[in-house]
1. Please note which strands (runs of 3 or more DSSP E) are completely contained in region 41-149 and include at least 1 residues that are open to solvent by 10 Å² or more (accessible area, probe 1.4 Å), in contact with a strand residue (DSSP E or B) (Cβ under 6 Å, 6 or more places away or on another chain) and over 22 Å from Ala160 (Cα atoms).
2. Identify, from the list Gly156, Gly144, Gly129, the residue that is at pLDDT below 90 and on the phi > 0 side of the Ramachandran plot.
3. Report yes if Val69 is at pLDDT 90 or above and either aliphatic (A, V, I, L, M) or over 18 Å from Ser112 (Cβ atoms) (or both), otherwise no.
Amino acid sequence: MTLGLVALAACDAAPGATPPITPGTGGTPREVNVIAHEYAFVPETVDLVPGETVLLHVINGGLEIHEAVVGDGQSQVAWEAAEAAVADHPPGPTPFVPSPAAFDGVRVVVGSGQRVDTVWTVPADAASGAWFVGCHIPGHFAKGMVVPVRFVGTDGRPLATAPGPSPRPSGT
């Protein structure tokens, strides 16, 4: 599958500031909801504070298995390639796919109608590049199942993030 890289600016315009955020800690993670369904995520932009610990609730409101891979554009492309290798697996659970090298994000796989929770600490240096939430179950990413992560400060205002390519497949 050929992935066309387009400028992040080609994605929907980022919304304005969010309400103030109290960053999560190891003892008190901030709850973040991500809902997956055929073939989109809600919210359309996921707000994270670099260095915070979150309790990520990934909810599958669709009929198919989905996943949420939170990571930079390079990681999204690596996950897409890794999962393409198992695209023709027999019916049943998604085969194990090892994390790509240097992956410092998080991957959550969730079945139809289920919610999976995971605690994860956002890398402190994450805001230095563009990050996304993507689903790499074969065919899902190609249908546009990817949204941007927006790094914000505790005041809810977006932090300066280095421009980066969106891992959006061409034609979406």
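1. Passing ranges, in order: 53-60, 106-110, 115-121.
2. When all the criteria are applied, what remains is Gly156.
3. Numbers: at pLDDT 90 or above: yes; either aliphatic (A, V, I, L, M) or over 18 Å from Ser112 (Cβ atoms) (or both): yes.
So Val69 fits the description; yes.
The values are calculated or read from the model by the stated rules, or taken from the named source; none is laboratory data. As the structure is a computational prediction, the values presented were derived from the model and not from experiment. As a convention, Cβ positions derive from the backbone with ideal geometry for all residues, glycine included, and neighbour counts pool all protein chains shown. The accessibility values were calculated without ligands, DNA or RNA, using every heavy atom of the protein model including side chains. Shrake-Rupley method; radii C 1.70, N 1.55, O 1.52, S 1.80 Å.
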